Every structure is written in structure tokens, then in C-alpha cells.
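All remarks here apply to the structure that follows.
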Amino acid sequence: MPPSSTASAPDLLAGLNPAQRAAVTHHAGPLLVLAGAGSGKTRVVTHRIALRLREGLPGHHVLALTFTNKAAAEMRARVDALTGGASTSPNVGTFHATSARLLRQWAPRIGRGANFTIYDDDDQIAAIKRVLKAQGVGEKSVKPSEVREAFDRAKNEGRLPEAGDLPPTLLAAGGAGVADAYEAELLRSNALDFGDLILRVAQLLEREPELAAQLRRRWPVVLVDEFQDTNPAQMRWLRALSPPETCPDLTVVGDDDQAIYGWRGADVRNMLAFEQTWAGASVVRLEQNYRSTAHILAAANAVVAHNTERLGKTLFTDAGDGHRVEVEAFESPRDEARWVAGRVRTLCRDEALGPGDFAVLLRTASLSLDLEEAFRAAGVPAVQVRGRSFYDRAEVRDAVAWLRLAVNPHDDVAFQRAIGAPSRGVGETSLEALSKAAAEAQLSLYSRALMPPASIKAKARGALATFSSLLDEHRALAASQTPLSQVSQTVLAPLLEAMRAQALATRDRSEELAQRVENVERLVVAIREFSREQPDAPLDAWLERVKLVSDADAVPEGTAVSMLTVHAAKGLEFPVCFVIGFEEGTFPHARALRDGEVGLDEERRLAYVAMTRARQRLTLSWCRERRTFTETRHCTPSRFIGEVPTEHIEARVEPEPSRAVARPFGGLRGRSERSTRRSSDADLYADPVYEDDTGGDSPWRVGMWVWHGDLGRGRVVGVSRGVRTTLQVEFDGVGRRSVIASWVSPYDAP
């Protein structure tokens, strides 16, 4: 479609910078938008879609693919706002949700019913445990999680798993048939795992050209957000939909410097090779950052610039220099957590910030324990942000299993879970006999329960018959015109009734059990709200949405400090960020370092993502000692700290090359020693005070006055000497700052 005059849509182009405008108005074939952190990529994507719709393209001819439900919802809302709802809405969704929708249409082509269940990680592990037992392989030979990872890895690479993908310990134990048995288990259960959703669509489009042509006619315009996160299977999917040889109207947007999901199959080479794959593609770089100040951007740019395999860009901002990046060292994680809590409290008091303006970013979620305790002790509200935390609770998974069976009674994982919630007299021995009989007959547990084997005792056979009849009633109800909210209440009634009775009868645990009841009741309320939003949506639509929720869909609470992993923080931003555990072996992680340059490059990109979440203030902190389950590890600061130029850091920290354990602050006494001398919470969580412990002929003393060219007059409150002498100075009208001694001069105060 030829471009229209830009005058026809001045509201869509006004306010865009030149690079953004070039990306929005591009019309000549494939386009790669290299969008740096905070450069307005969502604005570019939504304005590009809105402009095409304004030019007359029907919305149903546009497919926009994202990686999170949250991003899809935001994109959809922005496009609707830009177009005023004047045209049909584009198809916006995640790769997995779009694939699931297609596969429900094409289910018979892959041997499934349209009501198939989507297995998440926990469901996969449950299915793998069943397969291992049926194959006569004990879990001592291999961890089910390792098998699941092997299956996911193969499917992310765009192929079904084979015996060669299995862990060597499993093969040695005679488990070569586990891969085929797992696929057979999925087939019997009318289920697909996450990897299947992408792989099966890619296989179908390659195997049936007419099907691919049909999709191309439906979606001639395709946009892909976060393209750096695509895996080989998704590339097969995309190449079949938008073949390079057709010069398709394909736009991909992303940032190779934010490619941080290699551990789950993403391959940044898809982005690096885009211009070669789709020959003749245009490239637009979005380099103006609208989020962070100059010191933060310069620090992040300096770190990621050490990676060689990148398309290359340099972010800049008009927001001013702002605060330098703070670097802090601590004796232990407990001291680190206490200082962070105190720093939050101080900034809330002095700079009119609220707890919701702060984020503490973690390389791994396990670092949060000391933080939780410190925030609680300091009286600072804080929450660990996880997208799936509610749905991962045992009682919620029990309830969802009942709902899954109302749609697909052949779901063996849900069958095993629901039959014991509440207990109904079908013990482990009976269930194992049923499983064995079902596997031999190549039937689901539900189908075999209708004619249970004679080896099961009469009482258990009766319980299985009652349970199966109940599932039939639920299935009929879900398939009827009954409102979804009523369906969920009816299906979950037996579970809730049993849980309430148990809560009333068990006094010593009544509070915990009451909370579990409340969680299931909250689930019913959530379904009711979903039904109000989508009155015609069936139960399987709600189940699909729940299954496709990820940690990346988490929404931080606006009234509390957010504690979250760097992976979960991608796409978010906060006025103030603390990146803790910034030491060798933690960040970069020891596991990544074992992977060599590839692992280190991804860790460096992860550091770049962490640093560019901050708008106004950024603190990097590390500990000299960190305890793990098996050992106490002596630490040195992350190499990434050394990659940041000195002029962007407020307190320079460098390892001493002559010592096994770096002491960059030299004479600084451990903060744990200082903390034990404090007698009140106000002191314990106050800003740190360093003691004069330099000795020798040092010209710097606590109490002396100094002059700084930018900050003015100040009194020294702490001195530490390492590779460089660092002063803690209380500046008039500015507050406490860490400065390198060479930046100031002695001053005779009047």
C-alpha cells in the first residue's frame, strides 16, 4: 500500500524525533528498528500500526507479536487510543497465545482436540515423573527438571526431542525411550507444552504451504517486538509466515544489548543476522533515551561496549548529567540489605520520594531474604515482585486442576492432582495401578477410570466411578451456555466445601487453612471479573490466559519497594535502583562464567538492562563475603564495575591486584562492626559513617573542612584508603557524598 501524505495524520507524527519518524513512516520492505533502552520503542510500534490503519489498512490484516501479556495489552490500548477506535483492532498477542489460538483451529492436524491443555513447567515435571516410573527409571538416576530442560531446549531449537537430547545419566539407566514416552503421554492427555505451541505451528506452516499462504493473506503486515528474544523455533515460525524471498511487510523491533534470555533458548543471532536473512532490510537506530540521566547512560554504555558481537549504538539524553553512579562495598549481605533499607528511608525523607519509587534488582531471587528482613525491621514496605506467585500456590493449583478437567477430562496431570483434593479414598497404590493399566491400554486416566482394573479394591473403584461422574457433570456444564462465573463456582464447590470443613476442624492451623480457602475464593472472584470483561469467553479461554502468565507480566506495587530479578525488571523503570550482589560469581554469575565468552556477554547485557532501569539514581553494591548453602565465599567486586569510567562513579571501587580478597576501601571498617555499635533503629538505618583509620602521614582527617569545585564546602566525616583514598564528606546544603580525595582541597573554614 503506498504511503499517504504525512499531513493526513499530523497527530501521529508530531513529537517524534527524526529516527522515530523514519521508523514510523517506513514503507519499503523489511525493517529492523534497533531500539535502545528507554528510546520510545513502544511509541514507535504503536504509531506505526496506527499510521497504517489511518491509511486504510484494515486492522484484522495486522499481526503484532510480543513476549508478555502486559506488553500486548499496553500495545492494544495505545493503538486504540491513537485511532479513536475508528477501525478494526489489530491482532496483538504473544507468540504463545497466538500459536495456541491457531492450534485450536488446526488441532486435528496435530492429533489433538481443540480443548487441549497447555502444560506449564510444573505440569511437565509431573508428566515426566509418570513417564520415568512407567519406564522403570527411578528419579535417583536423573532429576525430572533436567529432563524437562532437555525437552524444552530441543523444542526451542525447532525440533522434537530425541534420545540424544537426554541427560547421560538417564541414558545409562536405560531411559532412552523417555523422550518418545513423554510425547505419547502428551498425546493421551490431549496436552501440549509451551515448546509445542511454537514448534507445532512452525511445522504445520512448513509442511502445508497453502496453510501458510492463507495466513499471509490474513496478516500481510507483521510486527515483532523484543525480536532479540526470539528462539530458533520462533524464527522458523516467522520465516514461514513472512518468507524473506517475498520482501514482506515485516517490522522487527528490539535491542541486541538487551538479549538476556539465552538460558531459555533465545538466540541473539536472529537479530544480528536479520539484514542477511531478510536481504535488503532497512535499519533505523533509536538512540535518544528518555528515561535515564547522562551519568547512568554513560556507565551502562561503557559496560555493554565491551561485548564485540553487537550491532552497535550509543544512547544519549537531553536530561542532564544527574547523579553519578554510587558504588558501595559491604562486609556481608546482611549489612548490604540494612544499608539499602536505610538509604531508602533517608531518600524518602529528604527527596520527597515514596517507597514505590525504589527497586532492588537481584541477579537471583535467592538474594531477597536479607532484604525482606531489613525492610521489615526498618518499617519500609517492600514486596517481591513475581508474576506467577499466586497461581503457583498449592491450593490454587488444585483449584485450577478441577477447572482444567471440566474442559479436558483426559488431562492426566490435572486428574492426578484433583483426585486427591480433597481426598476421596483413592490411595497411591490404587492410582499407580490405574496409571499402569492406562499406559498399557494407551488411554488417559479418565478413560481407564471408567473401566478400572480388577486389581483396584472395590472402595477405590467406587470412588473412581463417583469422581468420573462428577467430571462428566462439570464437562457438560462448561460446554453449556451457563455463565462462566457460575461454572467456576459449581466446579470448585466440592473443593471449597472440604477446605472450609478442614479449616474449622483444625484449630492449631486454622489461620493458615483459612488463608488457603481465601486464595481459592479469590480465584473465583478473578474468574468473575474476567467474565465481566469478556462475557462470551468460555472456561478454556480463561485457563489459557492463566497458563500464559509469566514473571515478566508482574506489575510492581506503587506503594512498596519492588524487589525483583533483573530478568523480571526488563521493560520496567524506577526513579531509584539498587543493584545488589554486584560481585564476581554472583553478577556475573559463576554458572555463566563457566560458559566462557558467550556466558559473559549475556551477563554483561544483563548488567546493562539492570543499570538502564534507573531514571535518577543508581547504586551498585557488592559484599566481601557471601554465604551459600555449602560454603562461605570471599568475593571481589564485579568486573563490570571496573568497566565504568571513573568520571561517572561517585565512589570508585577497584580490586587490589596483589590480594586474593579485594579491599577497595582500604581502611574502611566493616559495616557490620559499625552496626553493632548502634543503639537505635534511627542510627542503625542512618547513612553510613566511616571512621578515620588511615594512619600514617595521610593529610585527610575526620572533621577537617574541604572544598569541591561543584559541591562547595564540606566537612570530612570518613576517610578510607585503598587504591584511591576516598572521603565521605557532608557538604553544606547538599548532604553526604563519597568523593575521591584528589577531587577536593583542604579548606580553612571561617
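Readers should treat all values here as calculations from the given coordinates under stated rules, not as data from a laboratory. Treat the numbers as computed from the prediction; the structure is a model and nothing was measured. Heads up, the Cβs are rebuilt from the backbone with ideal geometry, glycines too, and the neighbour counts pull from every protein chain shown.
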> For the residue pair K133 and H323, what label-to-label distance in nm results when each label sits 7 Å from Cα along the Cα-to-beta-carbon direction?
Replying inline: 5.5
> When the chain is fully extended, how far beyond the present Cα-Cα distance does F390 get from E631, taking 0.36 nm per residue of separation?
Replying inline: 83.5 nm
>> For a distance above 23 Å, tell me the whole-number percent of Cα pairs in region 249-353 that qualify.
In response: 52
>> If each residue of separation counts as 0.36 nm, what is the full-extension length gain between Q502 and R594 once their alpha-carbon separation is subtracted?
In response: 28.2 nm
> Hey, of (i) 2, 10, 15, 19, 20, 17, 10, 5, 1, 0; (ii) 2, 12, 20, 22, 19, 14, 7, 2, 0, 0; (iii) 3, 12, 17, 17, 14, 11, 7, 5, 4, 3, 2, 1, 1, 1, 1, 0, 0, 0, 0, which did the structure itself give for P(r) over Cα pairs in 10 Å bins from 0, in percent when calculated?
Replying inline: (ii)
>> How tilted is helix 194-207 with respect to the longest principal axis of the chain? Cα atoms for both, answer in degrees (0 to 90, nearest 10).
In response: 70
> Points 7 angstrom from Cα along the Cβ direction at S447 and E351: gap in nanometres?
Replying inline: 6.3
>> How compact is region 524-602 by the rule of thumb for globular proteins, expressed as Cα Rg over 2.2 N^0.38 Å?
In response: 1.63
> Based on the Cβ-Cβ distance of R736 and A305, what FRET efficiency does E = 1/(1 + (r/R0)^6) give at R0 = 25 Å, to the nearest 0.05?
Replying inline: 0.20
> At a Förster radius of 41 Å, what calculated FRET efficiency corresponds to the Cβ-Cβ distance of L13 and R264, to the nearest 0.05?
Replying inline: 0.65
> In a shell of Cβ-Cβ distance under 15 Å around L369, excluding L369 itself, what net charge do Lys and Arg (+1) and Asp and Glu (-1) give?
Replying inline: +2
> Taking Cα atoms, how many degrees apart are the long axis of helix 95-105 and the longest axis of the chain, rounded to 10 and kept between 0 and 90?
Replying inline: 10
>> Quick check on the chain: helices-only [θ] at 222 nm, where DSSP H runs of length 4 and up contribute -39,500 (n - 2.57) each and the sum goes over total residues. Nearest 500, please.
In response: -13500 deg cm²/dmol
>> Can you give the FRET efficiency to the nearest 0.05 for F316 and A163, using r as the Cβ-Cβ distance and R₀ = 45 Å?
In response: 0.30
